[in-house]
Amino acid sequence: MDHRASRRSEVLRKHLVRCTPPVSGGVLENPCLSYSPPELWNRLSFDTREMRKLMDGHNLEEREWLFSLIVQCGLFNRRHRAGRVFVCPDYNESMEQQREATMKRIDYLLQKGVFRGWLFNDGPQHELSKLALHEVIGMYDHSLSVKLGVHFFLWGGAVKFLGTKRHHDKWLNSTENYEIKGCFAMSELGHGSNVRGIETVTTYDSKTGEFIINTPCESAQKYWIGGAANHATHTIVFSQLIINGCNQGVHAFIAQIRDSDGNICPNIRIAECGHKTGLNGVDNGRIWFDNVRIPRENLLNSVADVSPSGEYLSAIKNPDQRFAAFLAPLTSGRVTIAVNAVYISKISLSIAIRYALTRRAFSITPDGPEVLLLDYPSHQRRLLPLLAKVYAMSFAANKLKMMYVNRTPKSNKVIHIVSSAYKATFTWNNMRTLQECREACGGQGIKTENRVGHFMGEFDVHSTFEGDNNVLMQQISKALFAEYIACQKRNKPFSSLGLEHMNKPLPVIPSHLTSSTIRSSEFQIDLFHLRERDLLRRLAEEVSEYQSRGESKESAFILSYQFAEDLGRAFSERAILKTFIEAESTLPAGSLKNVLGLLRSLYAVICVDEDAAFLRYAYLSTENASAVRKEVPKLCAELRPHALALVSSFGIPDAFLSPIAYNWVDSNSWSSSQL
């Protein structure tokens with residue numbers, strides 16, 4: 001103890017000596033710290049261009065085109081630091097100024113043709129192009145991404161997919177040209193995730209051929225409606241439809257809320273939601289409808305219609321199936337949110353890891369140099385498992401996008417479940433990543449220009465955006481539970497939701513785990529399968545036990561929330577690992593495949609180490625759990641030489657990162673402060 005205290009005193013003394021100004025004409029004993037580019041000593045062991053193709057998955061040229069448009073335009077707040085250009089919104093602006101800047105940027109991108117074909121060009125390739133461009137926009141500014149997402153994916157998607165030809169002919173062209181500005185009025189003050197319970201009411205007047213929309217109480221006001229406060233001219237209104245005194249459930253209508261001059265329409269009241277912790281470039285508003293009359297043709301009628309005489313018509317007789325069809329536009333929102341979360345994690349890890357490759361702290365020998373942050377095993381443990389998770393989630397995000405753009409009516413249920421799982425998992429992981437990266441950057445992580453700290457306020461909303469994450473996880477478990485019960489009753493094999501592994505014998509875990517076994521993809525997926533199938537069985541048994549005590553099926557499931565939450569996590573992590581293994585298997589032997597093998601193993605072992613279920617339910621013995629935990633620092637150490645190449649493979653332009661990712665000394669110099 002005395003030796004360590006003496007040693008620390010000596011280290012602190014040397015720091016103080018270094019800070020003492022030299023005597024006139026003298027020379028400092030130790031030179032000042034200077035920035036040295038990590039590229040000088042971090043050799044690239046694999047082709048980062050090939051890795052980027054795997055990471056982005058599609059439309060690389062279009063991404064580069066849009067990156068260039070943004071970086072070269074002054075509207076995107078170009079700043080010069082230490083000889084580099086960076087682009088990032090000016091968050092020192094007022095809320096009103098940020099909203100104005102968002103609209104100017106939309107107009108610029110519109111004039112450059114970025115949105116051309118977003119609502120008219122069909123087919124997987126066109127949809128992937130749209131998603132790629134939207135991802136680039138989201139990497140620049142969350143507000144800009146959300147504003148466009150509401151207009152094109154929610155408003156435009158609802159008109160396109162819930163409407164029919166009469167709606168397409170009237171609304172789509174003016175939507176794509178931004179002549180009208182759409183919003184999406186689903187959430188209410190009293191109902192967010194529970195869309196089925198919304199209180200807005202619409203009735204039909206057969207004498208005039210009009211629907212009448214009303215906000216019957218304060219809790220029914222439309223809330224958090226992006227675009228409503230200042231700019232939107234039209235909205236999709238989700239409302240209970242009452243026909244001849246019978247509630248036909250939630251339906252979607254088009255209503256105009258402002259005229260072409262921006263004046264609020266009669267019988268509509270709009271109020272501001274106010275300043276937020278992030279997303280202040282989006283004008284979230286509240287809407288009240290007071291006997292607002294709209295033409296009968298403004299009902300989006302691909303799912304159901306009302307005849308001129310007031311007869312309710314629908315080919316879908318099951319109310320639950322009708323309700324599910326009306327929620328279809330939300331799937332695109334969950335897909336884009338999930339993918340956006342992965343890209344924001346990539347930016348934050350790129351910044352934090354680049355900083356850790358050049359920033360030093362403390363020496364470990366009496367007169368030795370200070371140590372790079374990323375050479376400390378503890379710092380590796382903080383950042384590199386998160387890097388492995390982002391790689392794993394990138395493969396999963398790309399597969400989710402392919403599922404979405406190739407969707408069919410038969411696959412919609414699976415896409416809904418997977419997108420819900422990934423939206424929750426990716427956004428939770430993003431917030432954890434942002435917090436860790438912020439801390440890993442020390443005080444520099446607090447500066448807004450360095451992005452990471454500010455991102456926390458911007459992206460926290462993802463946890464409740466387009467569905468509360470905890471609610472989504474319970475929905476996933478409910479779907480798995482229903483599939484389990486159905487297969488048992490019919491005595492049929494599992495064939496959906498990735499549960500096919502349950503048709504095979506129960507995996508057997510070796511009693512003694514070696515390093516090679518732990519790193520085996522076969523062992524990893526067996527262990528994840530074991531957890532998922534056992535948790536599903538336990539959930540079913542607990543629900544059955546509660547029902548035997550007189551609880552309803554719904555109440556029994558609510559009471560079994562702990563198993564439901566664990567199962568949702570197990571489902572998501574298994575699906576991610578399976579996608580990683582599939583992507584890895586397509587590659588030939590070589591350096592690229594080798595480093596992905598390390599990342600996949602680190603992803604698997606960190607998931608095991610962080611989930612108490614593996615010990616709680618004895619999927620692993622304490623000895624085997626300890627062996628898995630010991631593998632984490634080993635894998636981190638093996639990945640350390642590849643850290644720079646791995647973040648470079650994300651293909652994020654320098655301008656989209658931040659000053660501390662590069663020459664943090666010069667960017668904080670006196671001369672830089674005078675610019």
**Study point:** Dipole magnitude of region 475-560 about its Cα centre (Cβ charges: Lys, Arg +1; Asp, Glu -1), debye to nearest 20
**Key:** 180
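Please arrange 402, 502 by accessible surface area, largest first, computed with a 1.4 Å probe and ligands excluded.
Descending accessible area places them as 402, 502.
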Study note, to complete from the structure: Per its Cα gyration tensor (rounded if a/c is under 1.5, else prolate when a/b beats b/c, else oblate), region 526-675 is best filed as prolate
Check your understanding: For the charge dipole of the chain, defined by +1 on Lys and Arg C-beta atoms and -1 on Asp and Glu C-beta atoms about the Cα centroid, which residue among 520, 643, 187 has the Cα displaced farthest towards the positive pole?
Key -> 520
Point to revise | Surface share of carbon and sulfur [accessible, 1.4 angstrom probe, percent] for the chain | key: 53
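Of 317/492; 147/170; 147/181, which sit over 18 Å apart, Cα to Cα? Could the numbers behind the result be given before it?
Working: 317/492 27 Å; 147/170 22 Å; 147/181 10 Å.
In this structure, 317/492; 147/170 exceed 18 Å between Cα atoms.
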Practice item. From largest accessible area down, sort 224, 155; use a 1.4 Å probe on the protein chains. Key: 224, 155
Study note, to complete from the structure: For residue 553, counting only aspartates and glutamates whose alpha-carbon sits under 20 Å away and dropping same-chain residues fewer than eight positions off, the answer is 320, 483, 541, 542, 545, 565, 566
**Study point:** Karplus-derived 3J(HN,Hα), 6.51/-1.76/1.60, for each residue of region 208-224, Hz, glycine and proline x
**Key:** 9, x, 10, 8, 10, 9, 9, 9, x, 7, 4, 5, 8, 4, 6, 10, 6
Practice item. Average the reciprocal distances over every distinct pair of alpha-carbons in the chain, invert the result, and give the Kirkwood radius in Å. Key: 27.4
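Please give the calculated 222 nm ellipticity per residue for the chain, where each DSSP H segment of at least 4 residues contributes -39500 (n - 2.57) and the sum is spread over every residue; nearest 500 deg cm²/dmol? List each step's numbers first, then the result.
Numbers: 23 runs with 331 residues, N = 675.
Roughly -16000 deg cm²/dmol at 222 nm, from the helical runs in the chain.
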Exercise for review: Take the alpha carbon atoms of region 104-181, find their center, do the same for region 390-468, and report the distance between the two centers in whole angstrom.
Suggested key: 21
Point to revise | 5 angstrom amide H check on residue 359, placed H, neighbours 5+ away | key: 373
Revision key, fill the gap. For residue 224, other-chain or 5+-apart residues with amide H closer than 5 Å (H placed, Pro excluded) are 285
Review point. So what's the gap between the Cα centers of region 359-374 and region 216-280, to the nearest angstrom?
Key: 58
Check your understanding: Computed over the Cα atoms of region 252-306, what is the ratio Rg over Rh, Rh following Kirkwood?
Key -> 1.07
Check your understanding: What is the distance, in nm, between label points placed 7 Å from the Cα along the Cα-to-Cβ direction at residue 100 and at residue 611?
Key -> 5.1
Point to revise | Relative contact order of region 31-158, pairs being alpha-carbon contacts under 8 Å that are 6 or more residues apart, as % | key: 23
Check your understanding: region 535-578 to region 620-675: how many Å between their Cα centroids?
Key -> 37
Point to revise | Extension gain (nm, one decimal) between residue 558 and residue 126, 0.36 nm per residue minus Cα-Cα | key: 151.4 nm
Practice item. Pop the C-beta distance of residue 629 and residue 208 into the FRET formula with R0 = 60 Å and round what comes out to the nearest 0.05. Key: 0.30
Exercise for review: Round to the nearest 10 and give me the degree value, 0 to 90, for the angle of helix 124-140's Cα axis relative to the longest principal axis of the chain.
Suggested key: 60
Exercise for review: Read phi for every residue in region 165-172 and hand back ³J(HN,Hα) as whole Hz from Karplus 6.51 cos²θ - 1.76 cosθ + 1.60, θ = phi - 60°, with x for Gly and Pro.
Suggested key: 3, 4, 6, 4, 5, 8, 10, 5
**Study point:** Probe 1.4 Å, all protein chains present, accessible-area order of 629, 293, largest first
**Key:** 629, 293
Practice item. Run down the aspartates and glutamates and flag those whose C-alpha is under 12 Å from the C-alpha of residue 222, throwing out any fewer than 8 positions away in its chain. Key: 188, 199, 272
**Study point:** Stokes-Einstein D (µm²/s) once Rh is taken as the Kirkwood radius of region 539-608 over alpha-carbon pairs, at 37 °C in 0.692 mPa s
**Key:** 225
Review point. With every protein chain left in place, what is the accessible area of residue 201 in Å² (1.4 Å probe, nearest 10)?
Key: 40
Review point. Pulled fully out, how much extra length does the chain show between residue 435 and residue 370, if you take 0.36 nm times their separation in residues and subtract their Cα-Cα distance?
Key: 20.9 nm
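For region 397-475, state which trypsin sites (Lys or Arg not before Pro) are in a DSSP loop and have at most 10 other beta carbons lying within 10 Å of their beta carbon. Mind dumping the intermediate values first?
Numbers: sites: 399, 401, 407, 410, 413, 423, 432, 438, 447, 451; in loops: 407, 410, 447, 451.
Within region 397-475, the qualifying trypsin sites (Lys or Arg not before Pro) (loop, at most 10 other Cβ atoms within 10 Å) are 410.
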Exercise for review: Please report, in debye to the nearest 20, how large the charge dipole of the chain is about its Cα centre when each Lys and Arg carries +1 at its beta carbon and each Asp and Glu carries -1 there.
Suggested key: 920
Practice item. For residue 551, enumerate residues with amide H under 5 Å from its amide H, sequence gap 5+ or separate chain, H modeled in the peptide plane. Key: none
Study note, to complete from the structure: Probe 1.4 Å, all chains present, heavy atoms only: residue 478 accessible area in Å², nearest 10, is 110
Check your understanding: What is the list of residues in region 254-282 whose amide nitrogen lies under 18 Å from a point 7 angstrom out from the Cα of residue 73, following Cα to Cβ?
Key -> 281-282
Revision key, fill the gap. Computed over region 82-156, the distribution of all Cα-Cα distances in 5 Å bins, rounded to whole %, is 3, 14, 23, 25, 16, 10, 6, 3, 1
Check your understanding: When the Karplus curve 6.51 cos²θ - 1.76 cosθ + 1.60 is applied with θ = phi - 60°, which whole-Hz ³J(HN,Hα) does each residue of region 95-102 get, with x for Gly and Pro?
Key -> 4, 5, 5, 5, 5, 5, 5, 4
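Please compute the net charge surrounding residue 227, taking Lys and Arg as +1 and Asp and Glu as -1 over other residues with Cβ under 13 Å from its Cβ.
+4
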Check your understanding: What's the FRET efficiency of residue 406 with residue 363 using the Cβ-Cβ distance as r and R₀ = 51 Å, to the nearest 0.05?
Key -> 0.35
Study note, to complete from the structure: Probe 1.4 Å, heavy atoms of protein chains only: per residue, the accessible area of the chain in Å² is 43
Point to revise | Shape of region 39-134, Cα gyration tensor, a/c cut at 1.5 | key: oblate
Exercise for review: Please report, in cubic angstrom per residue, the volume enclosed by the convex hull of the alpha-carbon atoms of region 301-350.
Suggested key: 78
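The values are calculated or read from the model by the stated rules, or taken from the named source; none is laboratory data. Just so it is clear, the model here is predicted, and its values are computed rather than measured. Note that we place each Cβ from the backbone using ideal geometry, even for glycine, and neighbour counts take in every protein chain shown. To get the accessible areas, we keep the full protein, side chains included, count just its heavy atoms, and leave off ligands, DNA and RNA. Shrake-Rupley method; radii C 1.70, N 1.55, O 1.52, S 1.80 Å.
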